[in-house]
Amino acid sequence: MATVTSIADALQQRLAQAISTAFPDAAEGDPQLRRSDRADFQANGIMSLAKPLRANPREVAARVLEHLAADDVIANLEISGPGFINVTVTDTAILERLAARAVDTRLGVHSTAEPGVTVIDYSQPNIAKEMHVGHLRSTIIGDALVRTLEFAGEKVIRRNHLGDWGTQFGMLIQYLIEHPDELGDDTEGTDTGPSMSRLNRLYKASRAKFDSDTDFADRSRRRVVELQAGDADTVTSWQGMVDESKIYFEAVYARLGVLLEDTDAVGESYYNPMLADVCADLEASGVAVRSDGALCVFFDDIKGPDGEPTPLIVQKSDGGYGYATTDLAAIRDRVGMLGANQLLYIVDARQALHFQMVFETARRAGWLPEDVRALHLGFGTVLGKDGKPFKTRSGETVRLMDLLDEAVGRARIVVSEKSPQLAAEELEDRAKQVGIGAVKYADLSTSRTRDYVFDADRMVSLNGDTGTYLQYAYARIQSILRKAPAGVLPAAHQDLALEPAERALGLLLDEFGATINQVTGTFEPHRLCAYLHNLASAYAAFYEHCPVLKASTREITETRLLLCQLTGQTLRQGMDLLGIGAPEQL
């Protein structure tokens, strides 16, 4: 199926050509076409065009209109205000595009740009630690960007950067060796070892002992050396923790309905053999220098509160490595081995300075060529209803599974009230779709860089800007389509005059491709959320003012069924790109 040219794109091309013909020597030919409440579209570019010409904007607009005329797309043109051009399009143009999109599995959205290779680094949990609310945004935002970029034609490589190496593992392994009785029998566990909650408790206990007992801390550090040296028993213990943690991570990802798999997980341990070479190459090239025994990279524009330069430390004075070293090794691997020309890091906004220094260091070293883009896509914090970072009543970080269970529980109440006839298994499945969808939408509909409040009751509301509202709109559409009389099928009768609510819905459906382009261009999923909410709202207005099954003629019914069908297809596709399920009934 060929790409469906949107009405906006067709008008943009026509207006740009008219400007070029009317003023061939003009440097600025962008009509700056926008949707308008005064007409279907408004071209605002005449104002910027008139200024260098030293001409009256209305006269410039009049000359442009001399090279435009009403046709099968343009119904009417008029000059408005100081020199805007208002454009009204034909009903036929709207219906033609609706019909073309409805029969295309991609809704007429096809990538025209040359696809590249994007590596997205997101989620990033730590081995032997339960995932908490702090992992929510990275996982959800990363998943939505993976889905949207792949839909747009990009080759995407997912990378779940696991924290599976370092001092904490020497600490935990040593504690388990010295306190084997604390493993005990664990009915919550699996046949591969202790459950994740048990590992989490043991981690806290080992940390407390490490911080309070210097002899234990020394033994733990020696255990790290044995781990790095490949001691068989130590590695076996470490591997057991990794395996058990991965089982738990996969259960969380399955609950969340994200695309991450075990093959996407690449731990810090993978890069460990590369770190010595990273440091040696940086020092040999002069990018990094020794300072008080540590290997550092300095920057002219990065200084601490005291005005002194703040370096990126790639090797500590004791010879150890930190996050920066691992991140540099990962860049070399992703660009050199995976062939990435775009690197995206979905990491807390507080890490902005770290990534700024890492990216600049990689550029200086030649590991991040100018034609490879590296971006840190920071995000805000999940807050409680008190406006503070989300915590339990005891002040603990909220476990991610508990948070998801709360949302599904609230959704179960909403769904059971809406559909009391559902069997228990179907109710549970529907509650999961609604609850998880509500969490995702609340997160993704917030601008990525802003904080938001986690309020499960508001999230699952059938009204307002919620994922549940979108799901309800989709389910309502499917109900109408199921009730259509036999033989009455969605079809575009292009000789019909459209009602205002039909036109508004049709023009919005024609913007789906442009919205996808906005998301892939800005890496801001909230733009898709806003579009889908506007679409569901426009459908609600259409549903109120335009009877479908009780329309006055069969032709009107079939045309309105087409609007219903394409709205449903677009909502379903859009929600899928956000990782949100679309139940056929709610």
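Whats the longest run of the chain with zero GluC sites (Glu not before Pro) that are DSSP loop and have at most 16 other Cβ atoms within 10 Å?
397-583
Tell me the relative contact order for the range 117-180 as a rounded percent, counting alpha carbon contacts under 8 Å between residues six or more apart.
Relative contact order here is 46 percent.
Quick one: of LYS418/LYS483; LYS204/LYS391; LYS209/LYS246, which pairs are farther than 22 Å apart, Cα to Cα?
The answer is LYS209/LYS246.
Work out the length of the dipole vector of the chain about its Cα centre, built from +1 on the beta-carbon of each Lys and Arg and -1 on the beta-carbon of each Asp and Glu, and round it to the nearest 20 debye.
In total the dipole reaches around 1400 debye.
Please give the contour-minus-distance gain from VAL103 to GLU428: 0.36 nm per residue of separation, less the Cα-Cα distance, rounded to one decimal in nm.
Here the segment from VAL103 to GLU428 would lengthen by 113.7 nm.
Just want to confirm a number: the relative contact order over the chain, from Cα pairs under 8 angstrom separated by 6+ residues, in percent.
Value for the chain: 15 percent.
Can you pull the percent of Cα pairs in the range 376-508 with separation above 22 Å?
On the way: 4603 of 8778 pairs.
Counting every Cα pair in the range 376-508, those more than 22 Å apart make up 52 percent.
Tell me, Kirkwood radius of the range 460-586 from alpha-carbon pair distances, in Å?
Hydrodynamic radius (Kirkwood, Cα only) of the range 460-586 equals 15.0 Å.
I'd like the orientation of helix 136-151 relative to the chain: the angle between its Cα long axis and the longest Cα principal axis, in ° from 0 to 90, rounded to 10.
That works out to roughly 50 degrees.
No solvent, one uniform scatterer per C-alpha: report log10 I(q)/I(0) for the range 247-379 via the Debye equation at q = 0.13, 0.14, 0.17 1/Å, two decimals.
Result of the Debye calculation: -0.61, -0.70, -0.99.
How big is the accessible area of TRP367 in square angstrom, nearest 10, if you roll a 1.4 angstrom probe over the protein chains?
40
How do ILE556, ILE477 rank by accessible surface area computed with a 1.4 Å probe, from largest to smallest?
Listed by decreasing accessible area, they come as ILE556, ILE477.
Once every DSSP H run of n ≥ 4 in the chain is given -39500 (n - 2.57) and the sum is divided by its residues, what mean residue ellipticity at 222 nm do you get, rounded to the nearest 500 deg cm²/dmol?
Rounded to the nearest 500, the figure is -16500 deg cm²/dmol.
I'd like the per residue volume of the convex hull spanned by the Cα atoms of the range 515-586, given in cubic angstrom.
Values: hull volume 6.7 nm³, N = 72.
With only Cα atoms used, the range 515-586 gives 94 Å³ per residue.
Checking a compactness column here: for the range 50-112, what do you get for Rg(Cα) / (2.2 N^0.38 Å), N being the number of residues?
1.57
To the nearest 0.05, how large is the calculated FRET efficiency for ASP30 and ARG207 if R₀ is 56 Å and r is the Cβ-Cβ distance?
0.45
Across 5 Å bins from the origin, how do the percents of Cα pairs in the range 315-364 run, short distances first?
Computed distribution, short to long bins: 5, 17, 28, 27, 16, 7, 2, 0.
Calculate how steeply helix 196-212 sits against the longest principal axis of the alpha-carbon atoms of the chain, using the helix alpha-carbon long axis, and give the answer as 0 to 90 degrees to the nearest 10.
Relative to the chain, helix 196-212 is tipped by roughly 50 degrees.
Between the helical axis of 7-22 and the dominant principal axis of the chain, each derived from Cα atoms, what acute angle in degrees is found, rounded to the nearest 10?
Taking Cα atoms only, the helix is inclined about 70 degrees.
Roughly what percent of Cα-Cα pairs across the range 264-318 reach past 14 Å?
Values: 900 of 1485 pairs.
The answer is 61 percent, as a whole percent.
Rg over Rh of the range 469-526, using C-alpha atoms and the Kirkwood radius, what does it come to?
1.07
Work out how far the C-alpha atoms of the range 1-126 reach from end to end along every principal axis, then list the three figures in whole Å, largest first.
Principal axes ranked by extent give 62, 38, 27 Å for the Cα atoms.
Quick one: Cα convex hull volume of the range 442-494, Å³ per residue?
116
To the nearest 10 square angstrom, how much accessible area does THR214 have with a 1.4 angstrom probe?
100
For the chain, with all protein chains present and a 1.4 Å probe, just round the carbon and sulfur fraction of the accessible area to a whole percent.
48
Once the convex hull of the alpha carbons of the chain is built, what does its volume come to per residue, in cubic angstrom?
Values: hull volume 122.7 nm³, N = 586.
Each residue corresponds to 209 Å³ of Cα convex hull volume.
Take SER48 and ASN463, extend 7 Å from each Cα along the Cα→Cβ direction, and tell me the distance between the two endpoints in nm.
4.2
Accessible area per residue of the chain at 1.4 Å probe, in Å²? Don't jump to the answer; show the numbers that get you there.
Details: 26500 Å² over 586 residues.
Solvent-accessible surface per residue comes out at 45 Å².
Across 10 Å bins from 0, what is the distribution of all Cα-Cα pair distances for the range 203-299, in whole percents?
With a bin width of 10 Å, the distribution comes to 12, 25, 30, 27, 5.
For a quick check of understanding: with a 1.4 angstrom probe and all protein chains in place, what accessible area in square angstrom does HIS135 have, to the nearest ten?
Roughly 20 Å² of HIS135 is accessible to a 1.4 Å probe.
Ignoring ligands, DNA and RNA, how do HIS354, HIS132 rank by accessible area with a 1.4 Å probe, largest first?
Result, largest first: HIS132, HIS354.
Got the relative contact order for the range 74-156 handy, in percent, Cα pairs under 8 Å and 6 or more residues apart?
Relative contact order comes out at 23 percent.
How big is the antiparallel share of DSSP beta bridges in the chain, given as a percent to the nearest 5?
Bridges in the chain that DSSP calls antiparallel: roughly 55 percent.
Could you work out how far the C-alpha centroid of the range 44-120 sits from that of the range 426-460, in angstrom?
36
Can you give the alpha-carbon Rg of the range 343-408 over 2.2 N^0.38 Å, where N counts its residues?
1.62
Going from most exposed to least, what order do LYS303, LYS483, LYS550 have by accessible area with a 1.4 Å probe?
Listed by decreasing accessible area, they come as LYS550, LYS483, LYS303.
The values are calculated or read from the model by the stated rules, or taken from the named source; none is laboratory data. What you are looking at is a predicted structure, and each value in this text was computed from that prediction instead of being measured. Note that each Cβ is placed from the backbone with ideal geometry, even for glycine, and that neighbours are counted across all protein chains shown. These area figures cover heavy atoms from the full protein model, side chains too; ligands, DNA and RNA do not enter into them. Shrake-Rupley method; radii C 1.70, N 1.55, O 1.52, S 1.80 Å.
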